Amino acid sequence: MPADQPLTLGTAGHIDHGKTALVAALTGVDTDRLPQEKARGISIELGYAPLELPSGRHLSVVDVPGHERFIRAMVAGATGIDLFLLVVAADDGVMPQTREHAAIVRLLGIPAGVVALTKRDLVEDEGAELARLEIAELLDGGPYAGSEVVEVSARTGAGLDELRVALDRVAGAAASRPADGPVRLPVDRSFSLRGIGTVVTGTLWSGTVAAGDRVAILPGGREARVRSVQVHDRPAERAAAGQRVALALVGVERAQARRGHVVATPAAFAETYRLEADLHVLDSAPRALRNGDPVMVHHGTAEIPARVAVRGGGELAPGTGGRVQLRLRARTVAAAGDHVVVRLTGPAMTVAGGVVTDPSPPRVRRAAPPPAAEPEHLREPEPPPAGVEELYARLAATPLTPPAIGPGDERAVAHLVETGRAVRAGRDLAFTADALATAQGAVVELAGATGRVTLAQLRDRLGISRKFAQGLLEALDARGVTRRVGDERILRRRALEPTDPA
């Protein structure tokens, strides 16, 4: 593959196995950007960095969280990568999230990668050899059997040059993404900048995008204009498929283009509540994937509640595969050949994954006689009530001081709450998920070392009235982020977790 073709490398591995430290040693960039990540010493959100290899090839690196509570963030980052860097600590060996991350990488169809055996300076040769044997056992019999394992130490720098060479070798054999198709950019992060407006980031799956282009934000179809393009914080005239891209958009608010949305060529993709896919159930799955199972479907950067409809009404046992229909509770945008990951909801764990065969299939119905009352778990999701998008636009226009909810808004707000786009706060208030995330961030900063915050402090920080500050705090109480004690709120552990529902 030509050295100037863009590729994205994603990390994978258990918490505290040194992924972020290794990326920093390779690139010079600390990808832990959030204050709570610095405080806790773990990655919570996705991090990004550019990596130059010995051949002159440049990779975009996506650093993912290793903690099991942040698997959804890991999947969101992994869906856009071309190569993996599996990180295993020499003093720990293969651990639970090592196994789950390796399974997710396989289910997403990522073709190849390299294993970094980190913290090599902490163990003797015998310990390193034991870890190598565990890695070989983990990868044996699968598509990654025989992957190169490089022993490294981010602290001393040992092995880093060898790792760069190994990554260069694997990247040289990788295939590039199609640059001649329609634009498709799954959004993994969005934010606002003074004087610029809304900025979205992601890995460009297909097509090319340049300043001045018209794009659509899906689902929803809202159109926007690309004001400017950056590739790894550097202005660019045009971005190509496979690159990490930041787009400044005109005509869309941050809340209208968040993680889970897709920036695309207008009218190029249809929105759907159903996906037909060929799934493979992991050998390690605790049980069969059954007809009617409630699951979370990860597609692109979106996480969507769904029900499984197995052809014939049966089940898929661990280690087997088959064609299923995934009936989604919210719309998505897909194409044949896309990969999906399926996780059970209780207990939460990855059980299956596969390839979309039809992004908008007809509904699978049972043979005659037609059912008079189909079981609820197999019913088609109802279309959004009239006004889902109009109400959301009203809430997002002034997210911290939203208009009151009227009697005619009840069905629409219930749908927004069910699909994770909004939260209810009392009888007549609702906030977008992004507004709640803003409030949570402010609460964490205000609480500081004491872990306590008052309503007046939040009111003054956000510049809003007592009514709205109280509504936001009550919503955070309900989510288990804060707990009211007298006139104060006490931070719970969940306060340090991201609130983005996608």
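Just a few scattered comments:
- Residues in the stretch 437-458 that are closer than 23 Å to Tyr392 by Cα and surrounded by fewer than 23 Cβ atoms within 10 Å (Cβ to Cβ): Ala437, Thr438, Gly441, Ala442.
- If you filter the stretch 182-195 down to residues that are buried (at least 19 other Cβ atoms within 10 Å of the Cβ) and not in a loop (DSSP other than H, G, I, E, B), you find that the one that is modelled with the lowest pLDDT is Ser190.
- Filter result (at pLDDT 85 or above and on the phi > 0 side of the Ramachandran plot) within the stretch 445-475: Gly463
- All of Val229, Val209, Val252, Val215 fail the test of being more than 20 Å from the chain's Cα centre (by Cα), of a type outside the set (Gly, Ala, Ser) and in a loop (DSSP other than H, G, I, E, B), apart from Val252.
- In the stretch 283-301, the residues that are more than 21 Å from the chain's Cα centre (by Cα) and not hydroxyl-bearing (Ser, Thr, Tyr): Asp283, Ala285, Pro286, Arg287, Ala288, Leu289, Arg290, Asn291, Gly292, Asp293
- Within the option set Thr198, Thr208, Thr203, being over 30 Å from Ala116 (Cβ atoms), modelled with pLDDT of 85 or more and crowded, with 22+ Cβ neighbours inside 10 Å holds for one residue only, Thr198.
- Search result, residues across the stretch 233-253 that are within 30 Å of Leu83 (Cα to Cα), in contact (Cβ under 8 Å) with a residue 24 or more places away in the chain and crowded, with 17+ Cβ neighbours inside 10 Å: Ala239, Ala240, Ala241, Gly242, Gln243, Arg244, Val245, Ala246, Leu247, Ala248, Leu249
- Figure legend. Inter-residue proximity from the stretch 193-212: first residues assigned by TED's automatic domain parsing to the domain that holds Ala239, second residues part of a loop (DSSP other than H, G, I, E, B) and among the polar types (S, T, N, Q), beta-carbon distance below 6 Å, spacing 6+ or different chains. Indicated pairs: Leu204/Gln243.
- When residues in the stretch 291-325 are screened for being of a type outside the set (D, E, K, R) and closer than 16 Å to Ala348 by Cβ, 9 of them pass.
- For the stretch 284-311, a tally of residues being at pLDDT 90 or above and on the phi > 0 side of the Ramachandran plot returns 1.
- Condition met for Ala257 (surrounded by fewer than 24 Cβ atoms within 10 Å (Cβ to Cβ) and among the small types (Gly, Ala, Ser)): no
Every residue, every condition in (1) loosely packed, with under 15 Cβ neighbours inside 10 Å; (2) over 26 Å from Pro182 (Cβ atoms); (3) modelled with pLDDT of 90 or more, yes or no:
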{"residue": "Gly313", "(1), (2), (3)": "yes, yes, no"}
{"residue": "Pro318", "(1), (2), (3)": "no, yes, yes"}
{"residue": "Leu326", "(1), (2), (3)": "no, no, yes"}
{"residue": "Val333", "(1), (2), (3)": "no, no, yes"}
{"residue": "Asp338", "(1), (2), (3)": "no, no, yes"}
{"residue": "Ala352", "(1), (2), (3)": "no, yes, yes"}
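- Total residues in the stretch 401-414 satisfying the condition of being crowded, with 19+ Cβ neighbours inside 10 Å and either touching a strand residue (DSSP E or B) at 6+ places or on another chain (Cβ under 9 Å) or assigned by TED's automatic domain parsing to the domain that holds Pro219 (or both): the figure is 4.
- Residue within the stretch 375-389 that is outside the structural domain of Val417 (by TED's automatic domain parsing), under 25 Å from the mean Cα position of the chain (by Cα), at pLDDT 85 or above and under 26 Å from Val417 (Cα atoms) present: no
- Criterion (under 30 Å from Gly221 (Cα atoms), more than 22 Å from the chain's Cα centre (by Cα) and not acidic (Asp, Glu)) met by exactly one of Gly93, Gly181, Gly141, Gly157: Gly181
- A single member of Arg411, Arg424 is among the charged types (D, E, K, R), at pLDDT 80 or above and out of contact with any Pro (no Cβ under 9 Å at 6 or more places or on another chain), and it is Arg424.
The values are calculated or read from the model by the stated rules, or taken from the named source; none is laboratory data. Since the structure is predicted, the reported quantities are computational estimates derived from the model, not experimental observations. In this analysis, Cβ positions are derived from the backbone assuming ideal geometry, glycine residues included, and neighbour counts consider all displayed protein chains.
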